[in-house]
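Chemist: The structure's right below; bear with me while I get my questions together.
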Amino acid sequence: MRLILVGPPGAGKGTQAVHLAAHYGIPHISTGDIFRHNMKNETELGLLAKSYVDRGELVPDSVTNEMVKDRLSHADAQAGFLLDGFPRNVLQADVLRTVLAEAKTPLDAVLELSIDDAEIIARLSGRRTCRNCSASFHTIYEKPAVDGICDKCQGELYQREDDSEAVITRRLEVYAEQTKPIIAFYSAQGLLITIPAVGDVTEISSRAIAALSAAVVR
Ligand code: AMP
């Protein structure tokens, strides 16, 4: 299964990606997680990405495309993958299409999580992320057992710099201006599947798997 997950920030891509990747036995490749990992370790890539990520802007395509090409060349991605947060504009989508066409491994589907803006702001402003394993929690909807501590690895939970209200607003603008056009791009190729991203996490996962099973014949 070669799958892309698309949707605005706060649609729950990261959470759903974990479930879907486990269900299909494929690696979950999140460009946001790769950038944050590099930022935490202060690598050259991390230092470059930080100024963009903290402002809610996209990291330049040249950097992001190379990073994704490299990640897709790893052994674990040869039998399939789930891309979360990439592509984020039509140029990235085009580069991905070329790379996959050259490898004769076209996409199976693009799953869009659809949600309205008011719900996004409520979700993102309460989101807390584990510094250690990147798991996501929410101060109201998905509380950890112990405040500020990750249920999965006991790591420290923090509020992402780019989950502040001002940066959320900018991320939504960037999504509308730059990312939304990829929906039409994939729809024209007959790859797009859209599901409402409302309800609880397991309900959305079941909806996603049912929609993918109906659309993807393998
Ligand atoms: P995410 O965790 O997917 O919300 O991504 C967090 C931030 O990482 C984004 O706001 C961007 O600054 C950067 N980023 C993630 N994916 C991409 C991408 N495909 N292209 C450019 N920047 C990206």
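The values are calculated or read from the model by the stated rules, or taken from the named source; none is laboratory data. If you're wondering where the values come from, they're calculated on a predicted model, not measured in any experiment. Here the Cβ positions follow ideal geometry from the backbone for every residue, glycine too, while neighbour counts run over all protein chains shown.
Chemist: Taking the range 150-176 as the region of interest, how many residues are within 20 Å of Phe35 (Cβ to Cβ), among the acidic types (Asp, Glu) and in a helix (DSSP H, G or I)?
Modeler: Looking only at that region, the number is 4.
Chemist: For the range 38-89, give me the residue count where each residue is free of Cβ contacts under 8 Å to residues at least 24 places away in the same chain and either in contact with a Ser or Thr (Cβ under 7 Å, 6 or more places away or on another chain) or outside any loop (DSSP other than H, G, I, E, B) (or both).
Modeler: Adding up the residues that qualify gives 16.
Chemist: Continuing with the same structure: Restricted to the range 66-77, and to residues that are buried (at least 17 other Cβ atoms within 10 Å of the Cβ) and not charged (D, E, K, R), which residue is nearest to Asn89 (Cα to Cα)?
Modeler: Among residues in the range 66-77 that are buried (at least 17 other Cβ atoms within 10 Å of the Cβ) and not charged (D, E, K, R), the one nearest to Asn89 (Cα to Cα) is Val68.
Chemist: Here is a follow-up. Please work out which residue is surrounded by the fewest Cβ atoms within 10 Å (Cβ to Cβ), limiting yourself to the range 25-37 and to residues that are of a type outside the set (Phe, Trp, Tyr) and assigned to a helix (DSSP H, G or I).
Modeler: The selected residue is His37.
Chemist: So Ser51 fits all but one of (1) surrounded by fewer than 20 Cβ atoms within 10 Å (Cβ to Cβ); (2) touching an Asp or Glu at 6+ places or on another chain (Cβ under 9 Å); (3) under 17 Å from Leu124 (Cβ atoms); what number is the exception?
Modeler: Against the list (1) surrounded by fewer than 20 Cβ atoms within 10 Å (Cβ to Cβ); (2) touching an Asp or Glu at 6+ places or on another chain (Cβ under 9 Å); (3) under 17 Å from Leu124 (Cβ atoms), Ser51 comes up short only on (3).
Chemist: Let me ask something else about it. Can you tell me which residues in the range 197-218 are surrounded by fewer than 18 Cβ atoms within 10 Å (Cβ to Cβ) and either under 16 Å from the mean Cα position of the chain (by Cα) or assigned to a loop (DSSP other than H, G, I, E, B) (or both)?
Modeler: Result: Val198, Gly199, Asp200, Val201, Val216, Val217, Arg218.
Chemist: Look through Ile168, Ile121, Ile115, Ile140 and report the one residue that is of a type in the set (Val, Ile, Thr), exposed (fewer than 12 other Cβ atoms within 10 Å of the Cβ) and modelled with pLDDT under 95.
Modeler: Ile140
Chemist: Please go through (1) at pLDDT 95 or above; (2) within 11 Å of the ligand (Cβ to nearest atom) for Pro9 and return the number of the only condition it doesn't satisfy.
Modeler: In the conditions (1) at pLDDT 95 or above; (2) within 11 Å of the ligand (Cβ to nearest atom), Pro9 misses (1) alone.
Chemist: Kindly provide the set of residues from the range 179-196 that are within 15 Å of the chain's Cα centre (by Cα) and not hydroxyl-bearing (Ser, Thr, Tyr), ordered by number.
Modeler: Hits for the range 179-196 are Lys180, Ile182, Ile183.
Chemist: Looking at the range 113-128, I want the residues that are closer than 14 Å to Arg171 by Cα and have a partner that is outside any loop (DSSP other than H, G, I, E, B) and among the aliphatic types (A, V, I, L, M) with Cβ atoms under 9 Å, at least 6 apart or on another chain. Which pairs are those?
Modeler: Close Cβ pairs (under 9 Å, with a partner that is outside any loop (DSSP other than H, G, I, E, B) and among the aliphatic types (A, V, I, L, M)) amount to Asp117/Leu172; Ile120/Ile168; Ile120/Leu172; Ile121/Ile168; Ile121/Leu172; Leu124/Ile168; Ser125/Ile168.
Chemist: Looking at (1) crowded, with 18+ Cβ neighbours inside 10 Å; (2) within 14 Å of the ligand (Cβ to nearest atom); (3) of a type in the set (A, V, I, L, M, F, W, C), which is the only condition Val63 fails?
Modeler: (1)
Chemist: Another question, if that's okay. Looking at the range 106-133 only, could you name the residues that are farther than 30 Å from Gly190 by Cβ and of a type in the set (Val, Ile, Thr)?
Modeler: Listed by number, the residues that qualify are Ile121, Thr129.
Chemist: Can we say Asp94 is over 17 Å from the mean Cα position of the chain (by Cα), at pLDDT 95 or above and not polar (S, T, N, Q)?
Modeler: Yes: the conditions hold for Asp94.
Chemist: Quickly run through the range 157-186 and pick out the residues that are aliphatic (A, V, I, L, M) and in contact with a strand residue (DSSP E or B) (Cβ under 8 Å, 6 or more places away or on another chain).
Modeler: Leu157, Ile182, Ile183 - these are the residues of the range 157-186 that are aliphatic (A, V, I, L, M) and in contact with a strand residue (DSSP E or B) (Cβ under 8 Å, 6 or more places away or on another chain).
Chemist: Any residue in the range 25-41 that is among the aliphatic types (A, V, I, L, M), near the ligand (Cβ under 10 Å from one of its atoms) and within 14 Å of the chain's Cα centre (by Cα)?
Modeler: For the range 25-41, residues among the aliphatic types (A, V, I, L, M), near the ligand (Cβ under 10 Å from one of its atoms) and within 14 Å of the chain's Cα centre (by Cα): present.
Chemist: Oh, and also: Are any residues in the range 143-163 within 20 Å of Asn41 (Cα to Cα) and surrounded by fewer than 16 Cβ atoms within 10 Å (Cβ to Cβ), and if so, which ones?
Modeler: Correct list: Cys153, Gln154, Glu156, Tyr158, Gln159, Glu161.
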